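Have a look at the structure below, then the notes.
The values are calculated or read from the model by the stated rules, or taken from the named source; none is laboratory data. Just so you know, these numbers come straight off a predicted model, no measurement behind them. Glycine also receives a Cβ, built like all others from the backbone with ideal geometry; neighbour counts cover every protein chain displayed. Only protein heavy atoms, including side chains, enter the accessible area calculation; ligands, DNA and RNA are left aside. Shrake-Rupley method; radii C 1.70, N 1.55, O 1.52, S 1.80 Å.
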Amino acid sequence: MTSTRPGTDAKTDAMTIGRAQREFAPTTLYLNTASLGLPPARTTAALHEVIDAIARGEVNAPDFDGAVADSRGQYAQMVGVNAADVAIGSQASAMVGLIAASLPDDGQVLLAEGDFTSVMFPFLAQAPRGVGVQEVPLVDLPGAVTDATTVVAVSAVQSADGARVDLDALTDACARHDARILLDLTQSAGWLPIDARRVDYTVCSAYKWLLCPRGVAFLTVRSDRLGQIRPDSASWYGGREVWDSIYGSPLRLADTVRRLDVSPAWLAWVGAQTSLGLLAEVGVAAIGEHSIAMADAFRRGVGLDSGLGESPIVSVAVREGAQQAIVEHRIAAAM
């Protein structure tokens, strides 16, 4: 499959939305992908198959390497980078923590007010050693970048309300002031075309829009930034030759971003391989168009005129006694 631009496929109609929908069978109206993505049928089947094989004693640890490699490659293509620029892990916060721990003691961090704490806490935890943190409203983020800013860390799409950062303005501001950008893609990868090459670092927990089991996460690092990251979570899986790195010194990590890998939660990566495969078949652009259309139908159903065409995440303030009306509108919007 050739990529025409980051996050899209040459043929986004390789699998229609309707065919993909047959892979899912929730027992209720499900509108909560922003919290937990449903696994497609192929992922459920793959997990059952490998669990049964493990129970029969027919699986060895290296048997999972293919699932990890395929998942890494599929994610890399989705966000427009080479597989060598992607590290694997289990949680976004741990990956953000690697970046935060590698800041100089006088580093200055700019955050968006009210962002998800997995983006914020790792930087706030650096305060005892002198790292400074400033929080500003999301819309003010580009204008708050100064020559003193070391890194701007922000979710591309906000978990709480679906608001999107003005990435063009932010990248321009950071380029003028020589500041780095860490972008959390947890609420955007899978439905929003992403070019991770535009920023220094990205992180993504894959159990939401990427429909993977919890325990799958990705980190991308621009190659010229890799040497600035101390591999505090160095493991055998980040070794230059993985299966020759399980005993003894010296430290012998891979020369690529893979040096930041942590040992994979094997079953989760079996599921990631199949879930990411489905998304690749449908195409990010098609998924985004469909998801936003559904969200807009819901917005109109509950009388919202803001955010139309922007995001599939909708936040609604529910007044006491209005819950049933909201639920009825949700049902109508999803039909």
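One table, with the values for the structure above:
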| item | result |
| --- | --- |
| G97 vs. criteria out of contact with any Gly (no Cβ under 9 Å at 6 or more places or on another chain) and open to solvent by less than 50 Å² (accessible area, probe 1.4 Å) | yes |
| Condition check for G89: more than 30 Å from L308 (Cα to Cα) and touching a residue at least 60 places away in the same chain (Cβ under 8 Å) | yes |
| Subset of segment 144-169 that is in contact with a helix residue (DSSP H, G or I) (Cβ under 7 Å, 6 or more places away or on another chain) and surrounded by fewer than 16 Cβ atoms within 10 Å (Cβ to Cβ) - its residue that is nearest to E113 (Cα to Cα) | D166 |
| Options V109, V152; residue that is among the β-branched types (V, I, T), in contact with a Gly (Cβ under 8 Å, 6 or more places away or on another chain), touching a residue at least 12 places away in the same chain (Cβ under 8 Å) and not in a helix (DSSP H, G or I) | V109 |
| Single unsatisfied condition, S118 versus (1) among the small types (G, A, S); (2) in a loop (DSSP other than H, G, I, E, B); (3) touching a residue at least 60 places away in the same chain (Cβ under 8 Å); (4) open to solvent by 20 Å² or more (accessible area, probe 1.4 Å) | (2) |
| Residues satisfying the stated conditions in segment 222-241, i.e. under 11 Å from L98 (Cβ atoms), touching a Leu at 6+ places or on another chain (Cβ under 7 Å) and of a type outside the set (D, E) | I229, P231, S233, A234 |
| Selection from segment 35-64 of residues that are in a helix (DSSP H, G or I) and basic (K, R) | R42 |
| All positions within segment 141-158 that are under 30 Å from G309 (Cβ atoms) and within 23 Å of the chain's Cα centre (by Cα) | L141, P142, V152, A153, V154, S155, A156, V157, Q158 |
| D70 modelled with pLDDT of 95 or more, closer than 16 Å to L211 by Cα, acidic (D, E) and in a helix (DSSP H, G or I) | yes |
| Flag if A286 is touching a residue at least 40 places away in the same chain (Cβ under 8 Å) and not in a loop (DSSP other than H, G, I, E, B) | yes |
| Criterion: over 23 Å from the mean Cα position of the chain (by Cα) and either farther than 21 Å from T171 by Cβ or among the small types (G, A, S) (or both) - qualifying residue of G97, G130, G114 | G130 |
| Checking N82 against (1) in contact with a helix residue (DSSP H, G or I) (Cβ under 7 Å, 6 or more places away or on another chain); (2) over 19 Å from V221 (Cβ atoms); (3) open to solvent by 60 Å² or more (accessible area, probe 1.4 Å), the condition it does not meet | (2) |
| Breaking point among (1) open to solvent by less than 10 Å² (accessible area, probe 1.4 Å); (2) free of Cβ contacts under 8 Å to residues at least 40 places away in the same chain; (3) not basic (K, R), for L182 | (2) |
| First in segment 221-237 and open to solvent by 50 Å² or more (accessible area, probe 1.4 Å), second anywhere and modelled with pLDDT of 95 or more and assigned to a helix (DSSP H, G or I), Cβ under 6 Å, 6 or more apart | D232/A101 |
| Looking only at segment 180-205, and only at residues there that are in contact with a strand residue (DSSP E or B) (Cβ under 6 Å, 6 or more places away or on another chain) and small (G, A, S), the one that is nearest to L36 (Cα to Cα) | S205 |
| Residue under evaluation Q108, criteria (1) open to solvent by less than 50 Å² (accessible area, probe 1.4 Å); (2) under 22 Å from V151 (Cα atoms), criterion not met | (1) |
| Positions within segment 185-198 being within 21 Å of L260 (Cβ to Cβ), surrounded by 24 or more Cβ atoms within 10 Å (Cβ to Cβ) and modelled with pLDDT of 95 or more, in sequence order | L185, T186, A189, A196 |
| Test: residue in segment 250-268 that is over 30 Å from H48 (Cβ atoms), surrounded by 18 or more Cβ atoms within 10 Å (Cβ to Cβ), among the acidic types (D, E) and modelled with pLDDT of 95 or more | no |
